[in-house]
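Presented below is the structure to which this report refers.
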Amino acid sequence: MSAPSARKTDHPILPLFVERWSPRAFTGETIPDTVLASLFEAARWAPSAYNSQPWRFVWAKAGTPEWGPLFGLLNEFNQGWARSASAIVLVLSKSTFRAAPDAPEQAAGHHAFDTGAAWVSLALQAHALGWSAHAAAGFDADRARSEFALPADVHPQAVVVIGRAGDPASLPDALRARETPNGRRPVTETAFHGRYPA
Ligand SMILES: Cc1cc2nc3c(=O)[nH]c(=O)nc-3n(C[C@H](O)[C@H](O)[C@H](O)COP(=O)(O)O)c2cc1C
């Protein structure tokens, strides 16, 4: 289901930047493994400091035994809409890396920044294939750490819920009213020429 196109840009950009959005109503249909592989492939090619590629993903498809432990990380609000999704991904970042196979481990100071780039690549690829990826920070990171036995240098960043956008009528009233692409503040309030505003 395509979203109403309420988004207008002030400057020309590639359409996918405004066409991508984060729905909460999903069809619940099965997502092909080939689609998931393409999403992770897109994330793979994100830029990162020292090409350290600090992003890691733990994923599951709906209806499989692996779904429950990932879905259970989400808070109650997010579980409410994510239950009709097709796949779920725990996004992790690794805060150490080796510059070469025989080099010592060193801090990856930009692990969160770089993992953000990878998630956006995944989301844009999902959109390009007719799917949607909705990030959620409303999840239990401590539980993720213990349930997935994460090493100390691997950090839960978000849970990404993937599905094909569905009928907003399937949502409760409050969410149905919000089930449309939102806006952004103007570029003039974000990008400053030469100095940060007082
Ligand atoms: C890191 C991150 C955390 C988010 N957490 C939640 C969340 O817990 N629940 C939710 O419904 N949406 C969540 N969102 C979705 C945002 O609300 C959404 O991306 C934002 O409103 C912009 O809308 P758009 O993605 O449709 O363009 C999150 C998005 C990001 C990037």
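Annotations
- Hits in the range 75-121 - residues which are farther than 15 Å from residue 136 by Cα, open to solvent by 60 Å² or more (accessible area, probe 1.4 Å) and either part of a helix (DSSP H, G or I) or among the acidic types (Asp, Glu) (or both): 102, 105, 113
- Checklist (1) within 14 Å of the ligand (Cβ to nearest atom); (2) touching a residue at least 12 places away in the same chain (Cβ under 8 Å); (3) loosely packed, with under 10 Cβ neighbours inside 10 Å applied to residue 186, failing item: (1)
- Within this structure, residue 137 passes the test of being under 15 Å from residue 159 (Cβ atoms), free of Cβ contacts under 8 Å to residues at least 24 places away in the same chain and not charged (D, E, K, R).
- Hits in the range 25-46 (condition: over 16 Å from residue 119 (Cα atoms), assigned to a loop (DSSP other than H, G, I, E, B) and either open to solvent by less than 40 Å² (accessible area, probe 1.4 Å) or not charged (D, E, K, R) (or both)): 25, 27, 28, 30, 31, 32
- Qualifying residue in the range 144-155 (condition: more than 26 Å from residue 32 (Cβ to Cβ) and within 11 Å of the ligand (Cβ to nearest atom)): no
- Residue check, residue 6 within 16 Å of the ligand (Cβ to nearest atom), surrounded by fewer than 17 Cβ atoms within 10 Å (Cβ to Cβ), touching a residue at least 40 places away in the same chain (Cβ under 8 Å) and more than 15 Å from the chain's Cα centre (by Cα): yes
- Considering the range 91-138, the residues that are among the β-branched types (Val, Ile, Thr) and under 20 Å from residue 150 (Cβ atoms) include one that is nearest to the chain's Cα centre (by Cα), namely 91.
The values are calculated or read from the model by the stated rules, or taken from the named source; none is laboratory data. Treat the numbers as computed from the prediction; the structure is a model and nothing was measured. All Cβ positions, even for glycine, are placed from backbone atoms using ideal geometry, and neighbour counts span all protein chains on display. Surface accessibility is based on the protein's heavy atoms, side chains included, excluding ligands, DNA and RNA. Shrake-Rupley method; radii C 1.70, N 1.55, O 1.52, S 1.80 Å.
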